[in-house]
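Okay, handing you the structure first.
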Amino acid sequence: MPPAHRPACPRPARARRLLPARLVVYFVLGLALFSPAPYLKVMRHLVEGLRSQGLLGGWHVPAKSSLFRARQRLGCEPLRVLFATTAKPMATEASPGAFWRGLRLLAVDATCWDVADSEANEAAFGRPGNGRGSGRSAFPQVRMAALVEVGSHAVLDAELAGCRTGEVTLVGRLPRSLGPGQLVLADREFLGVPLWQAFTATGADLLWRVPANRVLPVIRQFRDESWLSQIRASSGPARHEPVTVRVLAYQLKGQGGEGAADGYRLVTTLLDARRHPARQQAALYHERWGATRSRTRLSELPHAALCFCRSRAATTGSR
């Protein structure tokens, strides 16, 4: 690991013969790469190449209990710092599906997953209801919201919390990783004036799906059948400050499923109909959003990208 990417956070510097902090960081990353392999097998995978070259010397694989305690000593902060340091856009303009008209394509999405049924995890994350009266789910759950680069499917930022924290709350913390020159795709559950304003304040452009019941009056019609409209907050001071958006309404021929009968609507900050045609934006959204959801599969990321969820002490927090 290059020195610039080593976690720069306040961890005890005293050497530990078998499990120094740097090795434990590699071990936690290995838990993701080799999931769901058990602790000892993961460690053996990590050191096998060194052993075959005679570089291990007198070092041996520690007991599982030692690995567990080493993870608790490490905590989540080194992983948080490592992620924040290395989670950067990877796609270039030559990468397929990474850019559209000079804008880097990103997407936001959220998911939940089960964690081990322990008292510590229940206290930290809570349990959702199971839909059967007052019953509860068999497992505690973690909720995650993530910002993903569409072209590379790399996770650029993430927020973790218990299952009782809403998706919109977590997504509202992601604008910190946005800036000009980006176009952010999102599904309809995130469309609201406060969140929209938080994202646009970064200079990023947006292309978000609209809930079926949202009324979007026509202020000005364009030749491509898109139109200017306004969205308003339902409460609070922002309800007196409408936000101007451009609406794209369309149907997909020969495609069934949700939304097919009544069509789809998107809203965007790209107001110039000549520079950003409605038909192209509609095709872009369905092609790239569908590809991002199917290939990135946030529900499978708990072990693959946020692997420190095997113990509560290493899971609390984000980034």
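Check 241, 287, 300 and return the single one that is surrounded by fewer than 18 Cβ atoms within 10 Å (Cβ to Cβ), at pLDDT below 65 and not hydroxyl-bearing (Ser, Thr, Tyr).
So the residue among 241, 287, 300 that is surrounded by fewer than 18 Cβ atoms within 10 Å (Cβ to Cβ), at pLDDT below 65 and not hydroxyl-bearing (Ser, Thr, Tyr) is 300.
Also: Is it true that residue 188 is among the basic types (Lys, Arg) and either touching a helix residue (DSSP H, G or I) at 6+ places or on another chain (Cβ under 6 Å) or over 22 Å from residue 86 (Cα atoms) (or both)?
Taking the combined requirement at face value, the residue satisfies it.
Among the residues that make up region 86-104, is at least one of them outside any loop (DSSP other than H, G, I, E, B), hydroxyl-bearing (Ser, Thr, Tyr) and within 24 Å of residue 161 (Cβ to Cβ)?
Yes, the conditions are met somewhere in region 86-104.
Just to be sure, is residue 164 of a type outside the set (Asp, Glu), farther than 30 Å from residue 281 by Cβ and open to solvent by 50 Å² or more (accessible area, probe 1.4 Å)?
Yes; evaluated as a whole, the condition is true for this residue.
Just give me the residues in region 124-151 being surrounded by fewer than 17 Cβ atoms within 10 Å (Cβ to Cβ) and either modelled with pLDDT of 90 or more or part of a strand (DSSP E or B) (or both), in sequence order.
129, 136 - these are the residues of region 124-151 that are surrounded by fewer than 17 Cβ atoms within 10 Å (Cβ to Cβ) and either modelled with pLDDT of 90 or more or part of a strand (DSSP E or B) (or both).
Determine whether region 85-104 contains at least one residue that is under 30 Å from residue 44 (Cβ atoms) and aromatic (Phe, Trp, Tyr).
No, there is no match, as no residue in region 85-104 is under 30 Å from residue 44 (Cβ atoms) and aromatic (Phe, Trp, Tyr).
Now a separate question. Of the residues 85, 92, which single one is touching a residue at least 12 places away in the same chain (Cβ under 8 Å), open to solvent by 20 Å² or more (accessible area, probe 1.4 Å) and within 19 Å of residue 153 (Cα to Cα)?
85
OK, next. Take the residues in region 105-123 that are part of a loop (DSSP other than H, G, I, E, B) and in contact (Cβ under 8 Å) with a residue 40 or more places away in the chain; name whichever of them is nearest to residue 151 (Cα to Cα).
Checked region 105-123; the qualifying residue nearest to residue 151 (Cα to Cα) is 115.
Also: Can you pull out every residue in region 246-284 that is at pLDDT 95 or above, assigned to a loop (DSSP other than H, G, I, E, B) and within 25 Å of the chain's Cα centre (by Cα)?
269, 270
Quick one: which of 16, 11 is farther than 27 Å from residue 161 by Cβ, at pLDDT below 90, in contact with a Lys or Arg (Cβ under 9 Å, 6 or more places away or on another chain) and surrounded by 12 or more Cβ atoms within 10 Å (Cβ to Cβ)?
Answer to the check: 16.
Just give me the residues in region 167-224 being open to solvent by less than 40 Å² (accessible area, probe 1.4 Å), part of a loop (DSSP other than H, G, I, E, B) and closer than 14 Å to residue 242 by Cα, in sequence order.
Hits for region 167-224 are 191, 192, 216.
In addition: Does residue 179 meet the test of being touching a helix residue (DSSP H, G or I) at 6+ places or on another chain (Cβ under 8 Å) and either β-branched (Val, Ile, Thr) or under 27 Å from residue 287 (Cβ atoms) (or both)?
Taking the combined requirement at face value, the residue does not satisfy it.
Check residue 72 against each of (1) within 20 Å of the chain's Cα centre (by Cα); (2) surrounded by fewer than 15 Cβ atoms within 10 Å (Cβ to Cβ) and name the one condition it does not meet.
(1)
The values are calculated or read from the model by the stated rules, or taken from the named source; none is laboratory data. Since this is a predicted model, take the numbers as computed values, not measurements. We place every Cβ from the backbone using ideal geometry, glycine too, and count neighbours over all the protein chains shown. In case anyone asks, the SASA skips ligands and DNA or RNA and just uses the protein heavy atoms, side chains included. Shrake-Rupley method; radii C 1.70, N 1.55, O 1.52, S 1.80 Å.
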